[in-house]
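The values are calculated or read from the model by the stated rules, or taken from the named source; none is laboratory data. Here the structure is a predicted model, which is why all the values come from computation and not from measurement. Neighbour counts run over all protein chains shown; Cβ positions are idealised from the backbone, glycine included. The protein model used for the area step is the full one, side chains on, heavy atoms only, and it has no ligands, DNA or RNA in it. Shrake-Rupley method; radii C 1.70, N 1.55, O 1.52, S 1.80 Å.
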Amino acid sequence: MTTEPPPGSGRQPPDDDPFTKRPPQDGSGTPGPGSPYDTPGGPPPPSGGGGPHGGGGPYGGAPDPLAGMPPLADSGRRTLARIIDMVLVGIVVWLLTWPFGVSEYDVDGDRINVGNSFAQSLVAAVLYIAYDTFMTARRGQTLGKKWLRMRVADLADGSTPSVQTALVRALVLWLPFAFCCACVWTVIAGGWSFFDRPYKQGLHDKAAKTVVVGTA
């Protein structure tokens, strides 16, 4: 059945006939807002997984920031870079504390001079944190990372971390190392990246929301 008048009748269809009325135009050739031809709610949101180059980041529903970044650095190379940094800073710590007779363990008979040990740990903590914070905030690279071609990047956008972010990262990594459980904490914090998915983050990376990526 149709509302069109029979041929030759001379009658025009009413203006409010929904079968012949065209949708309003907005000047661009598309139906205007509120039109019955609109799709309710607009187009469906894109779907995607939560892994690298997928569709969701680990700290929210935003698209994965690694989509436009270099590949994640290998955890083994990260470990080697960390060892290089530890050796370099350790030499400086030893040179600064040796003239004052400060050593990690000063054994006198059956006694261990804890004060000297704490003093060296304090110097080590300050130097490690200052070194890591300065180098990471400047270029995203310590010397070890630079030599092995990798850098630290903000997980959100891949930029070089700010001073605040670099400081948080360094504090989480180096404070326990210097004062209580050096070897154990290094294995836990750094070794976490071997098992973490999808971003290969150490515990210090998770605290600062950073990742380590390769460089050309």
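Order the following by accessible area, largest value first: R138, R169. Probe radius 1.4 Å; ligands, DNA and RNA are ignored. List each step's numbers first, then the result.
Values: R138 145, R169 5 Å².
Sorted descending by solvent-accessible area, the residues read R138, R169.
The Cβ shell under 15 Å around R151 holds other residues with a net charge of +4, Lys and Arg each +1, Asp and Glu each -1.
I'd like to check one number: the per residue accessible area of the stretch 124-216, probe 1.4 Å, reported in Å² as a whole number.
On the way: 4400 Å² over 93 residues.
Each residue of the stretch 124-216 exposes 47 Å² on average to a 1.4 Å probe.
Using heavy-atom solvent-accessible surface (probe 1.4 Å) with all chains present, what is the largest-first order of T97, T160? List each step's numbers first, then the result.
Details: T97 5, T160 60 Å².
Result, largest first: T160, T97.
Here the relative contact order of the stretch 120-190, from alpha carbon pairs under 8 Å that lie six or more residues apart, stands at 35 percent. Approximating the spin labels as points 7 Å out from Cα along Cα→Cβ, the C181-to-L88 distance works out to 2.8 nm. Ligands, DNA and RNA excluded, the heavy atoms of F177 present near 30 Å² of accessible surface to a 1.4 Å solvent probe. Only protein heavy atoms count here; on that basis, with a 1.4 Å probe, S75 has an accessible area of about 10 Å². To the nearest 10, the accessible area of T186 is 40 Å² with a 1.4 Å probe.
For the set I84, I188, the ranking by accessible area, highest first and with no ligand, DNA or RNA atoms included, is I188, I84 under a 1.4 Å probe. For the pair L96 and A207, label points projected 7 Å from Cα toward Cβ lie 1.9 nm apart.
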